[in-house]
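Down below is the structure, laid out as structure tokens.
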Amino acid sequence: MYRCVAERVLMGRHGAMASSAEDPKPAKPAGTARHGADSQRHVLAPFHHDVDEERYRVLTDLAIRGVDPRYVGPALESAKRLWCRLRGFALSTDRISAAHLARYLAFEAERVGTFDYRTALRRANVDRYLMDVAMRRTNRSMRTIRWILYDAGRLVHPREYPEARTLPAPRTKRIAAASAQDIRDWYALAPTLPQWLRRRLMLLLDLCYGAGARPPDFKVLRGTSITSETIDGRELAIVRLRNTAGGTRLVPVTDSDISRRLLDLAHSKGSDYLLPAAKGQVERNATDRIGEQLRARSHGNINAAALRNRWILDLAERVPAALLLQLADVVDVQVLADQRDQLPTYGLHRAIALMTES
């Protein structure tokens with residue numbers, strides 16, 4: 001009886017092997033039926049019926065580095081299976097996209113201690129990862145990674161993600177504010193530069209750090225954009241800046257030195273643009289050109305947004321939140337939350353004093 005059973009088992013195995021050898025369909029990839037301890041710990045994406053097998057085969061030798069070796073295999077396999085289900089992508093971009101997806105899956109597995117593609121692609125987990133890497137990536141790179149992860153996540157949790165190609169802008173960390181020492185160093189450098197570059201650097205510093213101007217503002221600012229107001233015998237420069245939602249706002253410049261320089265410049269320019277204009281208009285990336293000229297002279301990089309963020313942080317210590325939103329033309333205070341460590345912490349008595357001031 002035992003012999004008959006063994007023969008039936010053996011014949012069954014040979015039959016299965018023969019059937020497999022004659023099957024003209026592409027073999028399912030390694031990892032489809034995993035055994036042992038790894039299969040109990042790891043949850044890989046299934047080899048879905050709509051996987052594009054040609055694209056999948058092209059990704060056979062895909063590799064990633066800089067992640068925990070325990071999760072490299074499951075991450076690569078799951079990424080290939082998921083990405084090759086998506087349509088409308090060129091073979092030339094598959095390797096980059098699948099690698100980004102695999103790297104995220106491996107990082108998330110390392111964070112939680114186990115590999116589960118379903119949990120990793122929850123939108124909350126994806127958004128947390130995007131926040132973590134935002135400061136180390138360019139805006140263009142972040143958009144690419146976000147599209148990739150959202151497209152993959154939509155396959156697994158379609159209700160958690162917006163419809164394809166209609167994603168809102170991500171909430172990324174703002175550019176770090178320039179330090180007080182950075183500001184002093186740039187002002188100290190200005191007198192050593194050629195006159196034309198010195199004037200442009202001083203204008204960039206005075207308007208971004210002194211009045212919270214944005215780079216696009218320089219395209220439209222003229223001498224007539226700066227007026228004055230006398231308060232208690234002190235003449236202050238008032239800069240009229242455009243709001244992003246339309247209209248304008250008036251921003252007082254309270255630093256006496258900056259205020260005086262801006263007023264002098266306004267008087268000399270009149271109705272002309274503050275920056276040199278070619279063919280009747282200021283170059284769109286005029287502030288970037290200032291940075292390029294400084295870098296060409298080995299002076300490092302100056303960032304207009306970092307100067308403006310320093311102005312916002314300093315302003316936050318002195319004025320009510322409502323006035324901050326008005327003067328800075330922002331709809332939230334996320335720039336403050338991102339750099340909370342640069343803001344003061346108030347004791348109880350000081351908080352009470354501020355809250356009870358008339």
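The values are calculated or read from the model by the stated rules, or taken from the named source; none is laboratory data. Since we're looking at a predicted model, the values are computed, not measured. Here the Cβ is made from the backbone with ideal geometry for all residues, glycine too, and neighbour counts use every protein chain on show.
Observations on the model:
- Neighbours by Cβ (under 6 Å, 6+ apart or cross-chain): first from the stretch 336-358, closer than 20 Å to D314 by Cα; second at pLDDT 85 or above and surrounded by 10 or more Cβ atoms within 10 Å (Cβ to Cβ): L336/A316; Q339/A177; Q342/L313
- Every test in (1) modelled with pLDDT of 95 or more; (2) farther than 17 Å from A45 by Cβ is passed by A79 save one, and that test is (2).
- Test for T227: is it polar (S, T, N, Q), at pLDDT 95 or above and not in a helix (DSSP H, G or I): yes
- Identification of helices (runs of 4 or more DSSP H) wholly contained in the stretch 114-220 with 1 or more residues that are of a type in the set (K, R), over 23 Å from A237 (Cβ atoms) and modelled with pLDDT of 90 or more yields 117-120, 123-133, 139-156.
- Residues in the stretch 279-289 include none that are touching a helix residue (DSSP H, G or I) at 6+ places or on another chain (Cβ under 6 Å) and either aromatic (F, W, Y) or at pLDDT 90 or above (or both).
- Any pair with Cβ under 8 angstrom, 6 or more apart, that starts in the stretch 139-156 at a residue that is under 13 Å from A45 (Cβ atoms) and ends at one that is in a helix (DSSP H, G or I) and of a type in the set (G, A, S): A152/A79
- Residues of the stretch 76-114 satisfying the condition of being of a type in the set (A, V, I, L, M, F, W, C), closer than 19 Å to T144 by Cα and under 24 Å from the mean Cα position of the chain (by Cα): A79, W83, F89, I96, A98, A99, L101, A102, L105, A106, F107
- Any hit, the stretch 260-272, residues being surrounded by 12 or more Cβ atoms within 10 Å (Cβ to Cβ), touching a Leu at 6+ places or on another chain (Cβ under 7 Å), in a helix (DSSP H, G or I) and touching a residue at least 24 places away in the same chain (Cβ under 8 Å): yes
- Among the residues of the stretch 237-248, those identified as more than 18 Å from V282 (Cβ to Cβ) and at pLDDT below 95 are N243, T244, A245, G246, G247.
- Residues that are buried (at least 22 other Cβ atoms within 10 Å of the Cβ) and more than 21 Å from L325 (Cβ to Cβ) within the stretch 206-247 comprise D206, F218, L221, S225, I226, A237, listed in sequence order.
- Filter result for S228 (of a type in the set (S, T, Y) and over 23 Å from R284 (Cα atoms)): yes
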